[in-house]
Number of protein chains: 2
Amino acid sequence: MSAVDVGVALLGYGTVGSSVHRLLVESGDEIERATGHRLRVVRALVRDPSKERAFPAGEGVLTTDFAAIRDDPRVTVVAEVMGGLDPAGTYVRELLRAGKPVVSANKQLVAREGAELFAIASAKGVQLRFEASVCAAIPVVKVLRESLVVSNVHRVLGIVNGTTNFVLSRMERGGTYAEALAEAQALGYAEADPTDDVSGADAAAKMAILATVAFGSRVGLDDVETRGIDEIEPAHVSAAAELGTVVRLVGIATLVDGAVDVRVQPALVDRSHALAAVDGAFNAVMLQGDAIREITLEGPGAGGIETASAVVADLVSVVGTSGTGFLQNDACWRELPRLDPGAWRSPFYVHLEVADRPGVLAHVTSRLAAHDVSVAQLVQHLRDGEATLDLVLHEAAQGAVARAAAEIATFPEVLRRPFLAPVISERPL
Amino acid sequence: MSAVDVGVALLGYGTVGSSVHRLLVESGDEIERATGHRLRVVRALVRDPSKERAFPAGEGVLTTDFAAIRDDPRVTVVAEVMGGLDPAGTYVRELLRAGKPVVSANKQLVAREGAELFAIASAKGVQLRFEASVCAAIPVVKVLRESLVVSNVHRVLGIVNGTTNFVLSRMERGGTYAEALAEAQALGYAEADPTDDVSGADAAAKMAILATVAFGSRVGLDDVETRGIDEIEPAHVSAAAELGTVVRLVGIATLVDGAVDVRVQPALVDRSHALAAVDGAFNAVMLQGDAIREITLEGPGAGGIETASAVVADLVSVVGTSGTGFLQNDACWRELPRLDPGAWRSPFYVHLEVADRPGVLAHVTSRLAAHDVSVAQLVQHLRDGEATLDLVLHEAAQGAVARAAAEIATFPEVLRRPFLAPVISERPL
């Protein structure tokens, strides 16, 4: 095999960038066997070339000048591993306009500016790949775009945020949300400012990208109904356990009668469901479609080397499909309307704290019935004159359940705001 | 987008073949968006063109003459969906020699004749893809070859046979192996002659292919240490449950110090392990490697439309990488020795039925100790003067455990042949 060198440029040379370089060097033989090419980093954009690096970039590779990358004819493909929206977005646009294919690990950039970037890539006939932007090393984008081309995927379920998964798993062993979060921070599973994770924003960006690819229609960040995990209390976790379920932050993207619904929210997941088994900081994505029934991918959803391995896989794929016209589009070939969020249907769980008075139960259930919502299961606990009611409701429209809950919240015997969450199960609870 | 037609030929037009045709027709737009090409079935080889078909092949497509496919210049790529070794093997060889890329769904052919077929494909510079030959719609071959190029996968664990998975899951609810098998047959999960499944032969062929791709070294069917599930008794299943595990037929491929070990055998899988959650007839494959830690893929491992969807994905990939030199090799780039099976290390489970006499336990454990095998956990049950001993052993070489067990089997107080199985768990049992 006579190898032709392919020049690679990196935007950014931090943990991910230097790992990409290391993988390209150390696995050069494997890549050459697969592609017939030797991929070499010829340029890397950094702010400070004099900084010490984990894996040195080599003589003359580091530069502070973006134009030196964009205009370098040796650069055949570029990996954007710098993060942030600006200047990363500007750079990616300029590179695509200059006819250079780009591989991006930038979730926020792809989720927010994907539409524009893909339009440029498509017009220029170059690829924009973004495997590393969602769930690090889990090859869900490749599987969706290449293996499931004809599968009509209509539902994507995901545990796509390791921090919240760790915190919620931890709460099962007792303790409050604040305690579990503190432990996650101490162990390095949560950042000092965990807002992006616990608010669901990180998961929302990933679900926007996955829904876009799965359904072929642009889903923006604003299209994702998002709730975080900071409202989760020990009472919810223990009630969930009594029902044979666990509380998890779940991303749910659904195609219903030609309309799209994407949401990220705490849900009760049946213990026998594949998503309940996802451990600590791991991620999992379940894809449901016509020809495949259901395919689940699970693995580490974060990490420098894991992300770098996905970037390298994308580089290999760009080289391996170069000039064939393959995937030279934004995967969005239709414009589907958003589903009215209130019309989204699911079984639901409701947690109520009420005064222990005669007639409360009848009051609650008759109000649910008034909205055509029926109760599948009910657990009542008494303590010091107060009662908790944990209800599992049969599948119903979210709007009807929310309206009923809002009315129930105004009952004088209801002590606190009801807690609502969808239930994910393949069996009746 | 101006579509260029790509002529596809099918070898075989049964359940899978006609489903491939149907998917190409019904998802023509999706395929054209991805590849820039419209894939059309122009020829299909059958024995009886007059037979009624689920999805008609179209005027002039069916032929009984293989040469009419091999020599048809309109045929750009061929899907072999006829099964069997002969004449399928001859046809695939002739097609590759004629420079036509081939996609095969034929597990036995790829496992037995892969080395020769890939040598021809490589020499001719055409692709041979085989996603559908392993676990139907689960895209494990693509993920291994394209996403995990630089991951140095060193262990593959698989539940790759749905029939045995169903039978063993069923035995957890009580009943004998024969009863569970009969139920599987009644429900269509097992064939009238289930030998290929219950003996482990079907799983062995899949593991041979997966190990070959994962380790880059040819693994033949004869290289797979294979045991079936017909020796599994209710006592093993209930003892496994007491230990917090389930009995499953597991494929285990390991790269140990540059040597390869591939085996298919009943194992005790910890309930909290991802493979224990695999439902009934589903398959799952766990890939462990350097950069990715661990990625698990789960989905339907069989079925006509599921297999057809994998064939179509391969056809799309052939078109999408055409002329780039991508994956024009057999994935085998080294020749690794087989590990001596006795040197393979694992924690083990041993089930013994013994006479309830003083000193039995000391006798058994001292014989294990003589082989440097130590006991991690022991459960003893008494019934009518007989005792069962269920032992979990710390990690040890299989040879040492087998020798100790063979010696223990000769003890006068041991009533039946000991049952041995590896234990798969990420926690100490």
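The values are calculated or read from the model by the stated rules, or taken from the named source; none is laboratory data. Please read these numbers as outputs of a predicted model, since none were measured by experiment. Here the Cβ is made from the backbone with ideal geometry for all residues, glycine too, and neighbour counts use every protein chain on show.
Evaluate the following for residue A:319: is it at pLDDT below 95 and in contact with a Ser or Thr (Cβ under 6 Å, 6 or more places away or on another chain)? Can you show your working first?
On the way: at pLDDT below 95: yes; in contact with a Ser or Thr (Cβ under 6 Å, 6 or more places away or on another chain): yes.
Considered against the rule, which asks whether it is at pLDDT below 95 and in contact with a Ser or Thr (Cβ under 6 Å, 6 or more places away or on another chain), residue A:319 comes out as yes.
Would you point out which residue out of B:92, B:77 is among the aliphatic types (A, V, I, L, M), touching an Asp or Glu at 6+ places or on another chain (Cβ under 7 Å) and within 18 Å of residue B:131 (Cα to Cα)?
That would be B:92, the only listed residue that is among the aliphatic types (A, V, I, L, M), touching an Asp or Glu at 6+ places or on another chain (Cβ under 7 Å) and within 18 Å of residue B:131 (Cα to Cα).
Restrict the check to the range A:311-329 and report whether at least one residue is in contact with a Leu (Cβ under 7 Å, 6 or more places away or on another chain) and within 28 Å of residue A:223 (Cα to Cα).
No, the range A:311-329 contains no residue that is in contact with a Leu (Cβ under 7 Å, 6 or more places away or on another chain) and within 28 Å of residue A:223 (Cα to Cα).
So is residue A:57 in contact with a His (Cβ under 7 Å, 6 or more places away or on another chain), away from chain B (no Cβ under 14 Å) and either part of a loop (DSSP other than H, G, I, E, B) or more than 20 Å from residue A:307 (Cα to Cα) (or both) or not?
Yes: the conditions hold for residue A:57.
Residue by residue through the range A:398-429, note down the ones that are closer than 27 Å to residue A:274 by Cβ and touching a Gly at 6+ places or on another chain (Cβ under 6 Å).
A:398
I'm checking my understanding of the structure. Among residues of the range B:125-134 that are in a helix (DSSP H, G or I) and not aliphatic (A, V, I, L, M), which one is farthest from the other protein chains (Cβ to nearest Cβ)? Talk me through it step by step, then tell me what you get.
Taking the range B:125-134 first, the residues in a helix (DSSP H, G or I) are B:131-133.
Next, from what is left, pick out any that are not aliphatic (A, V, I, L, M): B:131, B:133.
Values: B:131: 8, B:133: 14 Å.
Here the residue is B:133.
I'd like to check something: does the range A:377-386 contain any residue that is under 32 Å from the mean Cα position of the chain (by Cα) and not assigned by TED's automatic domain parsing to the domain that holds residue A:254?
Within the range A:377-386, one or more residues are under 32 Å from the mean Cα position of the chain (by Cα) and not assigned by TED's automatic domain parsing to the domain that holds residue A:254.
Checking residue A:299 against (1) buried (at least 24 other Cβ atoms within 10 Å of the Cβ); (2) closer than 30 Å to residue A:37 by Cβ; (3) in contact with a helix residue (DSSP H, G or I) (Cβ under 6 Å, 6 or more places away or on another chain), only one condition comes out false. Which one?
(3)
Checking residue B:13 against (1) touching a residue at least 24 places away in the same chain (Cβ under 8 Å); (2) within 14 Å of another protein chain (Cβ to nearest Cβ), only one condition comes out false. Which one?
(2)
Cβ contacts < 6 Å: first residue within 12 Å of residue B:341 (Cα to Cα), restricted to the range B:392-403; second residue in a helix (DSSP H, G or I), any location; separation 6+ or different chain. Result?
From residues that are within 12 Å of residue B:341 (Cα to Cα), the pairs are B:397/B:343; B:398/B:342; B:399/B:342.
State whether the residues of the range A:318-340 include one that is under 29 Å from residue A:131 (Cβ atoms) and in a strand (DSSP E or B).
Yes, the range A:318-340 contains at least one residue that is under 29 Å from residue A:131 (Cβ atoms) and in a strand (DSSP E or B).
For the range A:89-97, check the following and say yes or no: at least one residue is more than 14 Å from chain B (Cβ to nearest Cβ), out of contact with any strand residue (DSSP E or B) (no Cβ under 7 Å at 6 or more places or on another chain), over 30 Å from residue A:241 (Cβ atoms) and of a type in the set (A, V, I, L, M, F, W, C).
Filtering the range A:89-97 for residues more than 14 Å from chain B (Cβ to nearest Cβ) gives A:89-97.
Retained after the next criterion (residues that are out of contact with any strand residue (DSSP E or B) (no Cβ under 7 Å at 6 or more places or on another chain)): A:89-90, A:93-94, A:97.
Pick out the ones that are also over 30 Å from residue A:241 (Cβ atoms) and you get A:89-90, A:93-94, A:97.
Those left that are additionally of a type in the set (A, V, I, L, M, F, W, C): none.
No, the range A:89-97 contains no residue that is more than 14 Å from chain B (Cβ to nearest Cβ), out of contact with any strand residue (DSSP E or B) (no Cβ under 7 Å at 6 or more places or on another chain), over 30 Å from residue A:241 (Cβ atoms) and of a type in the set (A, V, I, L, M, F, W, C).
Consider the range A:300-317. How many of its residues are more than 9 Å from chain B (Cβ to nearest Cβ), of a type in the set (A, V, I, L, M, F, W, C) and either over 20 Å from residue B:142 (Cβ atoms) or not in a helix (DSSP H, G or I) (or both)?
Going through the range A:300-317 one residue at a time, the tally reaches 1.
Pick out, from the range B:210-299, the strands (runs of 3 or more DSSP E) lying fully within it that include 3 or more residues that are within 14 Å of chain A (Cβ to nearest Cβ). Spell out the reasoning first.
Working: elements: B:224-226, B:245-256, B:259-270, B:282-289.
Passing ranges, in order: B:282-289.
Tell me the residue from B:40, B:22, B:33 that is touching a strand residue (DSSP E or B) at 6+ places or on another chain (Cβ under 8 Å) and basic (Lys, Arg), please.
Numbers: B:22 fails: touching a strand residue (DSSP E or B) at 6+ places or on another chain (Cβ under 8 Å); B:33 fails: touching a strand residue (DSSP E or B) at 6+ places or on another chain (Cβ under 8 Å).
Within the list B:40, B:22, B:33, the selection yields B:40.
Residues of the range A:67-83 being of a type outside the set (D, E, K, R), surrounded by fewer than 20 Cβ atoms within 10 Å (Cβ to Cβ) and in contact with a Leu (Cβ under 9 Å, 6 or more places away or on another chain), which ones?
The answer is A:68, A:83.
With A:366, A:374 as the choices, which residue is touching a Leu at 6+ places or on another chain (Cβ under 8 Å) and surrounded by fewer than 16 Cβ atoms within 10 Å (Cβ to Cβ)? Working first, answer last.
Numbers: A:366 fails: touching a Leu at 6+ places or on another chain (Cβ under 8 Å).
Exactly one residue qualifies, and that residue is A:374.
Could you list all residues from the range A:55-66 that are in contact with a Lys or Arg (Cβ under 7 Å, 6 or more places away or on another chain), surrounded by 15 or more Cβ atoms within 10 Å (Cβ to Cβ) and farther than 13 Å from residue A:24 by Cα?
Those that are in contact with a Lys or Arg (Cβ under 7 Å, 6 or more places away or on another chain), surrounded by 15 or more Cβ atoms within 10 Å (Cβ to Cβ) and farther than 13 Å from residue A:24 by Cα: A:61, A:63.
Can you name the residue in the range B:257-296 that is free of Cβ contacts under 8 Å to residues at least 40 places away in the same chain and under 19 Å from residue B:244 (Cβ atoms) and, of all such residues, is surrounded by the fewest Cβ atoms within 10 Å (Cβ to Cβ)?
Out of the qualifying residues, it is B:271.
So, in the range B:84-141, exactly how many residues are surrounded by 24 or more Cβ atoms within 10 Å (Cβ to Cβ) and either basic (Lys, Arg) or over 25 Å from residue A:147 (Cβ atoms) (or both)?
Residues meeting the conditions: 1.
For (1) assigned by TED's automatic domain parsing to the domain that holds residue B:118; (2) aliphatic (A, V, I, L, M); (3) modelled with pLDDT under 95, each residue gets a yes or a no:
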| site | (1), (2), (3) |
| --- | --- |
| B:203 | no, yes, no |
| B:218 | no, no, yes |
| B:224 | no, yes, no |
| B:239 | no, yes, yes |
| B:243 | no, yes, yes |
| B:249 | no, yes, no |
| B:254 | no, no, no |
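Go through (1) out of contact with any Phe, Trp or Tyr (no Cβ under 7 Å at 6 or more places or on another chain); (2) more than 10 Å from chain A (Cβ to nearest Cβ); (3) not small (Gly, Ala, Ser) for residue B:363 and report which single condition fails.
It fails just one condition, (1).
Could you grab me the full set of residues in the range A:308-347 that are surrounded by fewer than 18 Cβ atoms within 10 Å (Cβ to Cβ) and acidic (Asp, Glu)?
Those that are surrounded by fewer than 18 Cβ atoms within 10 Å (Cβ to Cβ) and acidic (Asp, Glu): A:335, A:340.
Select from the range B:6-54 the residues that are touching a helix residue (DSSP H, G or I) at 6+ places or on another chain (Cβ under 8 Å) and charged (D, E, K, R) and write down the one among them that is surrounded by the most Cβ atoms within 10 Å (Cβ to Cβ).
B:43
Can you pull out the residues in the range B:341-380 that are of a type in the set (S, T, N, Q) and part of a loop (DSSP other than H, G, I, E, B)?
B:374
Conditions tested, residue by residue: (1) under 18 Å from the mean Cα position of the chain (by Cα); (2) under 30 Å from residue A:199 (Cα atoms); (3) within 14 Å of chain B (Cβ to nearest Cβ); (4) assigned to a strand (DSSP E or B).
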residue: A:77; (1), (2), (3), (4): no, no, yes, yes
residue: A:99; (1), (2), (3), (4): no, no, no, no
residue: A:110; (1), (2), (3), (4): yes, yes, no, no
residue: A:113; (1), (2), (3), (4): yes, yes, no, no
residue: A:123; (1), (2), (3), (4): no, no, yes, no
residue: A:136; (1), (2), (3), (4): yes, yes, yes, no
residue: A:150; (1), (2), (3), (4): no, no, yes, no
residue: A:168; (1), (2), (3), (4): yes, yes, no, no
residue: A:178; (1), (2), (3), (4): no, yes, no, no
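Tell me which residues, restricted to the range A:23-54, are within 14 Å of chain B (Cβ to nearest Cβ), touching a residue at least 40 places away in the same chain (Cβ under 8 Å) and not hydrophobic (A, V, I, L, M, F, W, C).
Result: A:27, A:35, A:37.
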